[in-house]
Amino acid sequence: MRILVVGAGATGGFFGGKLALAGRDVTFLVRPARARLLQERGLRITGRGPEEALRPRLASPETLAGPYDLVMVTVKARALPQALDDAAPAVGPGTAVLPFLNGLAHLDTLNARFGEDAVLGGIVQVLATLDPVGDVRLLGDLGDLTLGEQRGGSSARVEKLVQHLDVPGFEVSASPDVLGAMWNKWVFISTLGALTTLMRGTVGDIAEAGGAWLGPALLAEAAAVAEAAGHPLSERRRSAVTAMVTQQGSTATASLYRDAAAGLPTEGEHILGDLTRRARALSVPTPLLDLAVLHLRVHEVRLDR
């Protein structure tokens, strides 16, 4: 099975790297600057246990030849349009396209480009970042990959992919309701992202300052949107997220906050902006999430200036 990983950042580098280390046929589609670095240093996964390194097989938009059996899309939302142009030669009639972006807006884009039957739903959970020298640095032991058919249920295609992607280093599973799983993750990252972005601190900092009420209030808004869209959170999931966003002493932050704090562009529109747009369409009030969206839009205005 030929696998193309579009992007080799923290997410693509981790999952694609683990697959390649296990002997799977993996090629990374990367831009020139990332290609040069990977050619010089190799792909390195560090931070938990012994460092793992490999010389990855690389392709550029000019050299890419398809089709591939599986195309894993691991770029951030801002890079998606260009990434799809670059990856298009890899997608043939039998190719499965598996995206790992946050939220759901990317599914509309992918479905329009490649057809809904070609595109799977997917979510990943990994605590990782690219360090200053470009290595994938793990910040925790979490590593999970979930995939499924957008229409729900099971399929031989998904079962085959799960078997092929089952390698040491992360857990892989099929979901009969992958859209529900994607909504669950979206609610969580929206809650944590809005919380730490608005308060400019860690979950523990916010709790210590008397703000333990804010996380559950943001969660209530996000969960209401999910329920109105037909994907309600279970009480178990709601309790788990509540505990996470109110935990005393927690150092947890969201990538939205970390990117904003570093003066970088964020995925604010893809994660929070799209959620609040759906809320308007469903007549669900989200005043706190709206405030977080405005906060991030001001950040983007300053960057553009």
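The values are calculated or read from the model by the stated rules, or taken from the named source; none is laboratory data. Quick caveat, the model's predicted, so the values are computed rather than measured. Here the Cβ is made from the backbone with ideal geometry for all residues, glycine too, and neighbour counts use every protein chain on show. Just the protein is used for accessible areas: all its heavy atoms, side chains included, with ligands, DNA and RNA removed. Shrake-Rupley method; radii C 1.70, N 1.55, O 1.52, S 1.80 Å.
Across region 67-123, which residue is farthest from Val158 (Cα to Cα) among those that are of a type in the set (Ser, Thr, Tyr) and open to solvent by 10 Å² or more (accessible area, probe 1.4 Å)?
Filtering region 67-123 for residues that are of a type in the set (Ser, Thr, Tyr) and open to solvent by 10 Å² or more (accessible area, probe 1.4 Å), the one farthest from Val158 (Cα to Cα) comes out as Thr109.
Being under 17 Å from Gly180 (Cβ atoms) and either of a type in the set (Asp, Glu) or in contact (Cβ under 8 Å) with a residue 12 or more places away in the chain (or both) narrows it down to one residue among Leu282, Leu288; which is it?
From the options Leu282, Leu288, the qualifying one is Leu282.
Step by step: first the residues of region 136-190, then only those that are open to solvent by less than 30 Å² (accessible area, probe 1.4 Å) and among the hydroxyl-bearing types (Ser, Thr, Tyr), then the one that is nearest to Leu291 (Cα to Cα). Which residue is that?
Of everything passing the filter in region 136-190, Ser190 is nearest to Leu291 (Cα to Cα).
Would it be correct to say that Thr242 is open to solvent by less than 30 Å² (accessible area, probe 1.4 Å) and either free of Cβ contacts under 8 Å to residues at least 60 places away in the same chain or under 24 Å from Gly143 (Cβ atoms) (or both)?
no
Pull out all pairs, ordered by first then second residue, where Cβ-Cβ is under 8 Å, the residues are six or more apart or on different chains, the first lies in region 62-91 and is free of Cβ contacts under 8 Å to residues at least 12 places away in the same chain, and the second is hydroxyl-bearing (Ser, Thr, Tyr) and crowded, with 21+ Cβ neighbours inside 10 Å.
Once the first residue is free of Cβ contacts under 8 Å to residues at least 12 places away in the same chain and sits in region 62-91, no partner that is hydroxyl-bearing (Ser, Thr, Tyr) and crowded, with 21+ Cβ neighbours inside 10 Å comes close enough.
Is there a residue being crowded, with 18+ Cβ neighbours inside 10 Å and under 20 Å from the mean Cα position of the chain (by Cα) anywhere in region 196-212?
Yes: region 196-212 contains one or more residues that are crowded, with 18+ Cβ neighbours inside 10 Å and under 20 Å from the mean Cα position of the chain (by Cα).
Here are some conditions: (1) open to solvent by less than 20 Å² (accessible area, probe 1.4 Å); (2) in contact (Cβ under 8 Å) with a residue 24 or more places away in the chain. Arg24 meets all but one. Which one does it not meet?
Exception for Arg24: condition (1).
Taking the condition modelled with pLDDT under 95 and open to solvent by 40 Å² or more (accessible area, probe 1.4 Å), does Leu37 pass?
Yes, satisfied.
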